[in-house]
Amino acid sequence: MMPLTHFLALITFVILAAGATIGLALWAELPLVALGLAALAGSLILGARQWR
């Protein structure tokens with residue numbers, strides 16, 4: 001079982017990584033729609049791997 005401190009650290013790092021990704025996308029003047037489509041495509045690809 002995962003200790004609470006490790007779980008909270010994991011949640012914190014995921015939120016920081018998401019914020020850094022959005023920040024870098026805005027800094028590079030990438031439209032958020034393109035970022036959303038890339039995330040959707042990645043989700044579909046990873047989901048399709050589980051169906052096999």
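It is to be established whether one or more residues within segment 3-11 are of a type in the set (A, V, I, L, M, F, W, C) and modelled with pLDDT under 95.
Within segment 3-11, none of the residues are of a type in the set (A, V, I, L, M, F, W, C) and modelled with pLDDT under 95.
Does residue 35 satisfy the condition of being touching a helix residue (DSSP H, G or I) at 6+ places or on another chain (Cβ under 6 Å) and part of a helix (DSSP H, G or I)?
The answer is yes for residue 35.
Is one or more of the residues making up segment 24-35 more than 10 Å from the chain's Cα centre (by Cα) and among the β-branched types (Val, Ile, Thr)?
Yes: one or more hits.
Every residue in segment 16-32 that is surrounded by 10 or more Cβ atoms within 10 Å (Cβ to Cβ), part of a helix (DSSP H, G or I) and not small (Gly, Ala, Ser), please.
Selection gives 16, 21, 22, 24, 26, 32.
Test residue 46 against the criterion of being modelled with pLDDT under 95 and within 17 Å of the chain's Cα centre (by Cα), and give yes or no.
yes
Take residue 46 and decide whether it is assigned to a helix (DSSP H, G or I), out of contact with any Phe, Trp or Tyr (no Cβ under 9 Å at 6 or more places or on another chain), surrounded by 11 or more Cβ atoms within 10 Å (Cβ to Cβ) and aliphatic (A, V, I, L, M).
no
The values are calculated or read from the model by the stated rules, or taken from the named source; none is laboratory data. Being a predicted model, the structure only gives us computed values, none of them experimental. Cβ: placed from backbone, ideal geometry, glycine included. Neighbour counts: every protein chain shown.
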